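The values are calculated or read from the model by the stated rules, or taken from the named source; none is laboratory data. Here the structure is a predicted model, which means the values were calculated and not measured. So basically every Cβ, Gly included, is an ideal-geometry build from the backbone, and we count neighbours across all protein chains shown. What goes into the accessible areas is simple: the full protein's heavy atoms, side chains included, and nothing from ligands, DNA or RNA. Shrake-Rupley method; radii C 1.70, N 1.55, O 1.52, S 1.80 Å.
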Amino acid sequence: MRRRTAGLLAVAALVLATLVAAEAWYLWGVSDPTPTAQRPVVIGDVDAQTAVETAAQDAAAIFTTSWRTYDQHLARVTALMTSQMADRYRKAAEPVKQRTVAARAVTDTKVTGSGVVSADADEVRALVLLDQRTREDGGGPSFTARRALVTMVRSDGGWLVANVQTR
């Protein structure tokens with residue numbers, strides 16, 4: 001009887017070891033898929049939607065400006081960006097600030113639509129549709145429809161803007 005019990009325990013231990021090895025391979029041995037043209041989104045819907053919503057909010061904040069609070073705007077929106085994007089944005093913002101202050105311009109930006117273009121665990125590209133209303137020096141408003149391709153990257157604190165391309 002002891003020999004039979006020892007044999008059953010050995011078989012049970014072998015089965016358990018096989019299951020543990022299979023689970024470890026599943027969790028750590030399979031690399032994340034990469035986006036392709038046929039399958040551009042390779043993360044879950046919740047993660048992708050969270051990144052797209054963040055991209056939309058951040059894009060609206062980036063493109064909403066006022067000549068009175070431009071420096072505060074700059075500090076607020078660069079906190080939403082990666083350090084490399086924030087550096088590029090600060091450099092590009094100086095001539096924009098001069099024009100905005102000279103024209104006493106105020107631009108309000110609203111998101112009219114957004115969606116995921118491609119997504120993996122670390123990077124999401126979102127298309128954000130924006131409507132902008134700008135008033136200069138007390139004049140009547142002008143309207144601009146804008147498309148922004150916003151690249152978001154995952155950080156310890158959430159999603160950050162890594163790039164913005166507009167049309």
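Here are some notes:
- Segment 35-93 - percent of accessible surface contributed by carbon and sulfur, probe 1.4 Å: 53 percent
- Close amide-amide hydrogen proximity is noted between Met81 and Val161, each under 5 Å apart and 5 or more residues distant or on a separate chain (H modeled in the peptide plane; Pro and chain starts excluded).
- Taking the convex hull of the alpha carbon positions in segment 1-155 and averaging its projected area over all directions gives 13.7 nm².
- The chain, accessible area per residue, ligands and nucleic acids excluded (1.4 Å, Å²): 66 Å²
- Segment 75-144 and segment 1-21: distance between their alpha carbon centers, rounded to Å: 64 Å
- Two-site label geometry, Arg4 and Arg99: point separation in nm, points 7 Å out along Cα→Cβ: 8.9 nm
- The 3J(HN,Hα) values that the Karplus relation (6.51, -1.76, 1.60; θ = phi - 60°) gives for segment 44-50 are, in residue order, x, 4, 5, 4, 4, 5, 4 Hz. Gly and Pro appear as x.
- Prolate/oblate/rounded call for segment 67-163, Cα gyration tensor, a/c under 1.5 rounded: oblate
- Treating r as the C-beta distance of Phe143 and Asp47 and R0 as 25 Å, the FRET efficiency rounds to 0.15.
- The chain, relative contact order [Cα under 8 Å, separation at least 6], %: 21 percent
- For trypsin sites (Lys or Arg not before Pro), the sites in segment 64-127 that DSSP calls loop and that have at most 15 other Cβ atoms within 10 Å are Arg68, Arg104.
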